[in-house]
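Encoded as structure tokens, the structure appears first; notes follow it.
The values are calculated or read from the model by the stated rules, or taken from the named source; none is laboratory data. Fair warning: this is a prediction, and the values are worked out from it, not measured in the lab. Cβ atoms come from the backbone with ideal geometry, glycine included; neighbour counts cover every protein chain shown.
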Amino acid sequence: MPNRSQEFARIEQATEEAIRLAAVHIRQGDLVAFPTETVYGLGADATQGQAVAAIYEAKGRPSFNPLIAHVDSLAMAEALVDFDPLSRRLAETFWPGPLTLVLPMRPDCPVSSLATAGLDTLAVRMPAHRVALELIRAAGVPIVAPSANTSGHVSPTSASHVYGDLSRRVPLILDGGRTEVGLESTIVQVRDDIPYLLRPGGLAREEIEAAIGIAVVRSEGDPATAPVAPGMLASHYAPHARVRLDARRVEPGEALLAFGGASIHGIVEATRIFNLSPSGNLREAAANLFDMLRRADGDDITGIAVAPIPTHGLGEAIRDRLTRAAAPR
Ligand code: TXA
Ligand code: MG
């Protein structure tokens, strides 16, 4: 893997040729920053766990917030998620446009579990921007993309904003000028035929209400009664079993999440063993994290022991996630 930290991003005018090249990057598992009508996104192939891990690495996100999958059509979205009638109406009315819908994932959804932070739902949107749509079409895969800023900074509305934040972390920035909306998409999740507003954004609530004739409920508070956007609450996948970090020994009845080749005592006692990355690669470990947490979890174990994981790079986010999973509930 080339060491990109020494190199600077290329900014390319978003010509057809540049978009084709960007699509090749995406398919190869590289990151590409691209314009949408809301803000610039930092994109990766949603189906490649390690490419998704590279997004969190580049943004310096302290934890794994779930990402929005960008599609070029309703048909592409339908291969990922199941639409209830109201959500379908919203998509038909407002796509392409600054509306993100959170929907239950199909069982055969190819999106990496890291992109959804292990949730059963996926946020999807079809952006109203020629460059974004052509890029997704040319890549032939859904593209997950958070706003292309480093964690804690404001969202970028021009290629030079992206460059300022990520010039050493993304090889290619497609320049499509200033973004039109300048505000992230509005996020809506329908539950029991009620539309909940998870994040106010580029599409006004009133516009949605006028189109469907139903009140949109601002979602805050208890995730048991109304859906919420993660980031505010720990609504990522939470294992049933107790999680124990920095384990050097497996106790009888525990499942083990190993990392690298570190020797763990009592390994024969483990009920199940998964290695997040046999070679000790943090990007690979991030890509495997939620999937392996789910597979390790179960009623038949007393807990999940996790081998020591480094504290640098993506290790910080992996450990953050596991620490939350370990917290008493
Ligand atoms: O306009 C936008 O939405 C931009 C452009 C690039 O498309 N993207 C963007 O992504 O703002 P990001 O990652 O900065 O924000 C995504 C938001 C987060 O608040 C996240 O918690 C929420 O979407 N989200 C993602 N998946 C979710 C899910 N399954 N359930 C609830 N909220 C979800
Ligand atoms: Mg953001």
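Data for the structure
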{"read-out": "Condition met for LEU135 (more than 18 Å from the chain's Cα centre (by Cα), within 16 Å of ligand 2 (Cβ to nearest atom) and at negative phi)", "value": "no"}
{"read-out": "Residue among LEU67, LEU119 that alone is within 9 Å of ligand 1 (Cβ to nearest atom), touching a helix residue (DSSP H, G or I) at 6+ places or on another chain (Cβ under 8 Å) and within 19 Å of ARG199 (Cα to Cα)", "value": "LEU67"}
{"read-out": "Odd one out for SER160, checked against (1) more than 26 Å from TYR237 (Cα to Cα); (2) assigned to a helix (DSSP H, G or I); (3) at pLDDT 95 or above", "value": "(3)"}
{"read-out": "Strands (runs of 3 or more DSSP E) completely within segment 1-82 that count 1 or more residues being among the β-branched types (Val, Ile, Thr), under 14 Å from ALA148 (Cα atoms) and within 16 Å of ligand 2 (Cβ to nearest atom)", "value": "68-70"}
{"read-out": "Test for LEU183: is it within 20 Å of the chain's Cα centre (by Cα), assigned to a strand (DSSP E or B) and farther than 19 Å from PRO85 by Cβ", "value": "no"}
{"read-out": "Residue in segment 132-143 that is more than 10 Å from ligand 1 (Cβ to nearest atom), of a type outside the set (A, V, I, L, M, F, W, C), modelled with pLDDT of 95 or more and buried (at least 23 other Cβ atoms within 10 Å of the Cβ) present", "value": "yes"}
{"read-out": "Enumeration of residues in segment 186-223 that are within 16 Å of ligand 2 (Cβ to nearest atom), assigned to a loop (DSSP other than H, G, I, E, B) and either at pLDDT 90 or above or of a type in the set (Gly, Ala, Ser) (or both)", "value": "GLY201, GLY202"}
{"read-out": "Set LEU257, LEU174, LEU245, LEU233: member being under 21 Å from the mean Cα position of the chain (by Cα), aliphatic (A, V, I, L, M) and modelled with pLDDT of 90 or more", "value": "LEU174"}
{"read-out": "Selection from segment 242-258 of residues that are out of contact with any Lys or Arg (no Cβ under 6 Å at 6 or more places or on another chain) and among the hydrophobic types (A, V, I, L, M, F, W, C)", "value": "VAL243, LEU245, ALA247, VAL250, LEU256, LEU257, ALA258"}
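Here is a yes/no grid of residues against (1) without any contact (Cβ under 8 Å) to a residue 24 or more places away in the chain; (2) in a helix (DSSP H, G or I); (3) surrounded by fewer than 22 Cβ atoms within 10 Å (Cβ to Cβ):
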site	(1), (2), (3)
VAL268	yes, yes, yes
LEU289	no, yes, no
ASP299	no, no, yes
ALA305	no, no, no
THR311	yes, no, yes
GLU316	no, yes, yes
ASP320	no, yes, yes
THR323	no, yes, yes
